[in-house]
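Here's the structure we're looking at; comments come further down.
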Amino acid sequence: MSVKVEIKSERDCVSAVLKGEIDHHSAREVRAEIDSYIVTYQPEKFVIDFKGVTFMDSSGVGLILGRSKLLKECGGELEVRNASASVKRVLKLSGIERIVNII
């Protein structure tokens, strides 16, 4: 199953709303789409919205870390929102909350 990505720009914030399952296959597609946007527009704040994510493995952690690094290189910051309990569990186990703001 793939992940659908909808990128929305509102005022000073850009968000990528994800829907589906994030594993090593789908993470590659999401990464490419988000990276293209970040490199082209260099937003100051970028949100990855996990509201529609039904499953995520460690590939999602890599997805978040890579986008955070790219955004920092472009002068922006990353925020993660609306993660389900199971996604938050994966994020907490990774220790990623020390690097990325999770709301």
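The values are calculated or read from the model by the stated rules, or taken from the named source; none is laboratory data. All figures in this text were calculated on a predicted structure; none of them were measured in a lab. Note: ideal-geometry Cβ built from the backbone for every residue, glycine included; neighbour counts use all protein chains shown.
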**Message:** Which pairs turn up if I take residues in region 63-87 that are assigned to a helix (DSSP H, G or I) and look for partners that are surrounded by 15 or more Cβ atoms within 10 Å (Cβ to Cβ) and basic (Lys, Arg) with beta carbon separation below 8 Å, at least 6 apart in sequence or on another chain?
**Reply:** LEU63/ARG31; GLY66/ARG31; ARG67/ARG31
**Request:** Return yes or no: is LYS92 exposed (fewer than 13 other Cβ atoms within 10 Å of the Cβ) and not in a helix (DSSP H, G or I)?
**Result:** no
**Request:** Please enumerate the residues belonging to region 67-103 that are out of contact with any helix residue (DSSP H, G or I) (no Cβ under 6 Å at 6 or more places or on another chain), among the small types (Gly, Ala, Ser) and over 22 Å from THR40 (Cβ atoms).
**Result:** ALA83, SER84, ALA85, SER86, GLY95
**Message:** Step by step: first the residues of region 88-103, then only those that are touching a residue at least 24 places away in the same chain (Cβ under 8 Å) and closer than 22 Å to SER2 by Cα, then the one that is nearest to the chain's Cα centre (by Cα). Which residue is that?
**Reply:** LEU91
**Message:** For region 1-27, give me the residue count where each residue is over 12 Å from the mean Cα position of the chain (by Cα) and assigned to a helix (DSSP H, G or I).
**Reply:** 3
**Fill in**
Restricted to region 30-47 and to residues being in contact with a strand residue (DSSP E or B) (Cβ under 8 Å, 6 or more places away or on another chain) and part of a helix (DSSP H, G or I), the residue nearest to GLU77 (Cα to Cα) is ILE38
**Prompt:** Does GLY52 fit the bill of being at positive phi and either in contact (Cβ under 8 Å) with a residue 60 or more places away in the chain or not in a helix (DSSP H, G or I) (or both)?
**Reply:** no
**Request:** For ILE34, indicate whether it is at pLDDT 95 or above and of a type outside the set (S, T, N, Q).
**Result:** yes
